[in-house]
């Protein structure tokens, strides 16, 4: 990942091919494990972890057969307005006063 980040995709591809990793099942399994292990959380469309972005770029460029994990949508907390006991009576009184 460091070679890819610092020297670019071409240098990384050369490094991988020189070592015979481009067709190595164990190497691909390792990349798949990294893809699954590193959080893929996004903030404003960008990965919050630089490792996730590097791995995704490597996957898209060289190993399209690897599966990107399903990105879960962050849960949006539903806000429910609390009502105080007796508030309905106060609201009715306010409405009656407005009507007068």
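The values are calculated or read from the model by the stated rules, or taken from the named source; none is laboratory data. These figures come from a predicted structure and were not determined experimentally. Positions of Cβ are generated from backbone atoms using ideal geometry, with glycine treated the same way; all protein chains shown enter the neighbour counts.
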Q: Of all residues in the range 49-66, count the ones that are in contact with a helix residue (DSSP H, G or I) (Cβ under 7 Å, 6 or more places away or on another chain) and assigned to a loop (DSSP other than H, G, I, E, B).
A: 2
Q: Evaluate the following for residue 40: is it surrounded by 12 or more Cβ atoms within 10 Å (Cβ to Cβ) and touching a residue at least 12 places away in the same chain (Cβ under 8 Å)?
A: yes
Q. Tell me, which residue of the range 45-87 that is at pLDDT 90 or above and loosely packed, with under 12 Cβ neighbours inside 10 Å is farthest from residue 12 (Cα to Cα)?
A. 46
(Q) I need a count of the residues in the range 1-21 that are under 20 Å from residue 68 (Cβ atoms) and under 22 Å from the mean Cα position of the chain (by Cα). (A) 3
Q.
I need a count of the residues in the range 25-34 that are farther than 13 Å from residue 62 by Cα and free of Cβ contacts under 8 Å to residues at least 12 places away in the same chain.
A. 5
(Q) For the range 22-48, which positions are more than 9 Å from the chain's Cα centre (by Cα) and outside any helix (DSSP H, G or I)? (A) 24, 38, 44
